[in-house]
1. List the pairs from Lys102/Lys179; Lys20/Lys102; Lys20/Lys108; Lys26/Lys110; Lys53/Lys109; Lys26/Lys188 whose alpha-carbon separation is above 26 Å, in the order I gave them.
2. What ranking of Arg93, Arg114, Arg74, Arg25 emerges when the number of other C-beta atoms within 10 Å of each C-beta is taken as an exposure proxy, fewest first?
3. From zero outward in steps of 10 Å, how is the percent of C-alpha pairs of the range 132-201 spread across the bins?
4. Give, as a single signed number, the net charge of other residues whose beta carbon lies under 13 Å from the beta carbon of Glu15, with Lys and Arg counted +1 and Asp and Glu -1.
5. Counting only other residues whose beta carbon sits under 15 Å from that of Lys53, what net charge do I get with K and R as +1, D and E as -1?
6. For the residues His128, His199, what sequence is obtained by ranking on other C-beta atoms within 10 Å, fewest first?
7. For Lys131, Lys110, which order do you get if you count the other beta carbons within 10 Å of each Cβ and list the fewest first?
8. So for the chain, taking the charge dipole from beta-carbon charges (+1 Lys/Arg, -1 Asp/Glu), which of Ala11, Ser111, Val47 sits furthest toward the positive end?
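Just so you know, all these numbers are worked out from the coordinates, no wet-lab data involved. Please read these numbers as outputs of a predicted model, since none were measured by experiment. Virtual Cβ from ideal backbone geometry, glycine too; neighbours counted across all protein chains shown.
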Amino acid sequence: MNWEALLAPYAQAVEELKVKLKGIRKQYEYESKHSPIEFITGRVKPVPSILEKAEVRHIPLDKIEELQDIAGVRVVCPFVDDIYAIVNMIRSREDLHIIDEKDYVSHKKKSGYRSFHIIIRYPVETIHGVKMVIAEIQIRTLAMNFWATNEHSLNYKYKGKIPENIQSRLQRAAEAAFKLDEEMSIIKNEVQEAKRLFHRK
Ligand code: 0O2
């Protein structure tokens with residue numbers, strides 16, 4: 001398998017989506033409005049992780065493109081309602097097609113994971129014409145991201161079998177992150193005003 005050639009359009013999609021979403025953040029800054037985007041990251045799934053996931057999901061190598069998160073972009077927002085602002089903005093775009101949406105913000109996963117996933121089909125121009133690639137956009141708050149990053153590391157360390165005592169701590173941490181988002185939402189206007197004053201200095 002020529003992985004470099006196969007993954008090139010995915011890498012292109014990740015870079016383009018990052019540029020476009022960073023453009024949105026800049027636009028909010030120019031207009032001195034509250035930006036619903038704190039930061040953006042993106043990655044192409046490493047080959048060993050692709051192979052591992054394909055095996056678990058019984059996806060043969062010639063159908064590897066069925067994996068929906070080979071190209072992944074993550075939008076991290078300050079507040080919970082910013083997530084839905086980003087979701088609506090993505091829904092209204094004409095440069096991508098939404099295939100699926102998974103709202104793990106209102107309906108958390110069993111692990112405690114919260115995030116909004118949008119699966120898209122995105123056209124990449126190649127020298128052989130347009131190639132449609134599937135990409136996953138994850139939208140979450142800073143608190144959700146903190147939790148997910150730590151849980152992901154623990155999952156890696158324990159190879160998906162996190163000991164029960166740590167699992168229950170993670171559940172409590174997920175509730176604490178949820179509470180933090182709720183509390184911050186209540187004082188959102190105060191925080192935004194403070195940020196504006198700080199930036200004007
Ligand atoms: P990576 O690249 O290391 O992040 P499905 O279960 O298929 O209906 P879902 O949940 O969208 O739908 O798919 P999947 O494949 O389980 O998860 C896709 C990605 O979402 C994961 O990528 C994670 O980034 C994130 N994710 C989903 N569930 C959890 C969770 O319980 N904890 C954390 N920390 N992240 C989660 P990968 O495959 O982990 O790889």
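1. Checking Cα-Cα distances, Lys20/Lys108; Lys26/Lys110 exceed 26 Å.
2. In increasing order of surrounding Cβ atoms, one gets Arg93, Arg25, Arg74, Arg114.
3. Binned Cα distances yield the sequence 17, 32, 28, 18, 6.
4. Values: positive: Lys18, Lys20, Lys22, Arg43; negative: Glu16, Glu125.
Result for the neighbourhood of Glu15: +2.
5. Details: positive: Arg43, Lys45, Arg57, Lys63, Lys159; negative: Glu52, Glu55, Glu65, Glu66, Asp69, Glu136.
That sum, taken over residues with Cβ under 15 Å, equals -1.
6. His128, His199
7. Values: Lys131 16, Lys110 6.
Result, fewest neighbours first: Lys110, Lys131.
8. Value computed over the given set: Ser111.
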